[in-house]
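Everything below concerns the one structure shown next.
The values are calculated or read from the model by the stated rules, or taken from the named source; none is laboratory data. Keep in mind that what you see is a predicted model, and the values were worked out from it rather than measured. FYI the Cβ positions are ideal-geometry reconstructions off the backbone, even for glycines, and counts take in every protein chain you see.
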Amino acid sequence: MRSSRALLWAVAAALVLTSPAGAQDLVPWRQGAVQPKGDAGFWWMTAEGGLAKQQGLDLRMVAFDSDVLMIKALQAGEIDSFEGSPINAMIATSKGGDLKIVGCSWPKLTYSFFAHPGIGSLADLRGKTIGTSAPLALPELVARAMLGRVAIESREVTFVEAGNDTERVRAVAAKRIDAAVSASDFAARKDLGLKVLAQANDILPSFLRACLVTRGDTWRKRADELVRLAAATMNGYDHALTHRAETIALARRIAKLPAGDPTPEASFDEVTRNRSISPSLDIDVNKLLWLRDFLVEEKLIDEDFEPGTMIDRSIRERALARLKGR
């Protein structure tokens, strides 16, 4: 079954790429994602593996250092959609923004709290310096939630901007900061001498990592193209999850990782073992409500905000029907 589907995808991609009219008919689409690292093979497979072209899209990935920057770019019209944390989209919508969630691709966190060896546990982080990519970006909010589990309030630590995932763990290794939340696969980098204090998903099983988010005007005017994007994304994740070597090789190429870097393998194994990805883009309202309640506790959103106002299930349903040939 898997082999037959892979063959069909390959044939379809070849037809699109070799047809004189195919390239001209592709619809341009710009999608935001976080800076590529060990898990880039999953995020980039839809665009780089020809799955978007099969659905008639010329998908161009645009990398950002944080989801905070992605939401600004989306609202400014610099990108058409992004895959990332829905948190800042929820905050923006609660303040009058017009954003839509059309599917959720990463229902589980793939982050760990790293520290240098001088830190014993999460409880020892009170009064310490925590690195983040940007104020209120996902790494900081995950850190706040994890610290809350050991009764440390955000005001009891100092958050500082320390760059993207790679830059943050390097800052920890160099002891320029005490700790940081970054992708779990950095634990495989033994040369960095990092200490894993805790894995985020073990402590925060309800914390949703990433959704497919777009602007309200795009949702209203370009629904058919959003359906194509959702269908391509489903195929992209399904393909990535069942083609380990290809996904790892793509991660190395996109993130420019050397052959000896173990993070792509570690990322693939973690994602498949924990089922961190939902290829069908399931939308779990309960997880969005959990995020809302967490944001209320952090005084970042009003308690009467209803995440359901942002959700549109029709794009996902149409994408599933499209893939089934209906």
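Of everything in the stretch 258-281, what is polar (S, T, N, Q) and in a helix (DSSP H, G or I)? Give them in sequence order. Those that are polar (S, T, N, Q) and in a helix (DSSP H, G or I): T263, S267, T272, N274. Residue pairs whose Cβ atoms lie under 6 Å apart, separated by 6 or more positions or on different chains, with the first residue in the stretch 156-173 and in the same structural domain as V142 (by TED's automatic domain parsing) and the second hydroxyl-bearing (S, T, Y) and buried (at least 21 other Cβ atoms within 10 Å of the Cβ), are F159/T132; N164/S133; D165/S182; R168/S182; V169/S182.
In the stretch 294-321, the residue that is surrounded by the fewest Cβ atoms within 10 Å (Cβ to Cβ) out of those that are over 18 Å from the mean Cα position of the chain (by Cα) and under 26 Å from R244 (Cα atoms) is L320.
A count restricted to the stretch 192-230 and to residues that are farther than 30 Å from A171 by Cβ and under 19 Å from the mean Cα position of the chain (by Cα) stands at 6. Within the set A76, A92, A151, the sole residue that is in contact with a Leu (Cβ under 8 Å, 6 or more places away or on another chain) and either surrounded by fewer than 24 Cβ atoms within 10 Å (Cβ to Cβ) or outside the structural domain of A251 (by TED's automatic domain parsing) (or both) turns out to be A92. Kindly provide the set of residues from the stretch 135-191 that are charged (D, E, K, R), under 20 Å from S206 (Cα atoms) and touching a Ser or Thr at 6+ places or on another chain (Cβ under 6 Å), ordered by number. Within the stretch 135-191, E140, R144 meet the criteria. Note on the stretch 270-293: residues that are farther than 16 Å from C104 by Cβ and either exposed (fewer than 14 other Cβ atoms within 10 Å of the Cβ) or in contact (Cβ under 8 Å) with a residue 60 or more places away in the chain (or both) total 3.
Counting only strands (runs of 3 or more DSSP E) that fall entirely inside the stretch 156-257 and contain at least 3 residues that are out of contact with any helix residue (DSSP H, G or I) (no Cβ under 7 Å at 6 or more places or on another chain) and over 24 Å from Q55 (Cβ atoms), the qualifying elements are 158-161. Look through the stretch 258-281, keep the residues that are among the β-branched types (V, I, T) and under 19 Å from D165 (Cα atoms), and return whichever of them is nearest to the chain's Cα centre (by Cα). My answer is V271. Yes or no: the stretch 109-123 includes at least one residue that is assigned to a helix (DSSP H, G or I) and within 17 Å of V157 (Cβ to Cβ). Yes, the conditions are met somewhere in the stretch 109-123. Taking first residues from the stretch 213-234 that are free of Cβ contacts under 8 Å to residues at least 12 places away in the same chain and partners that are surrounded by fewer than 24 Cβ atoms within 10 Å (Cβ to Cβ) and part of a helix (DSSP H, G or I), the Cβ contacts under 9 Å between residues at least 6 apart in sequence or on separate chains come to D224/R318.
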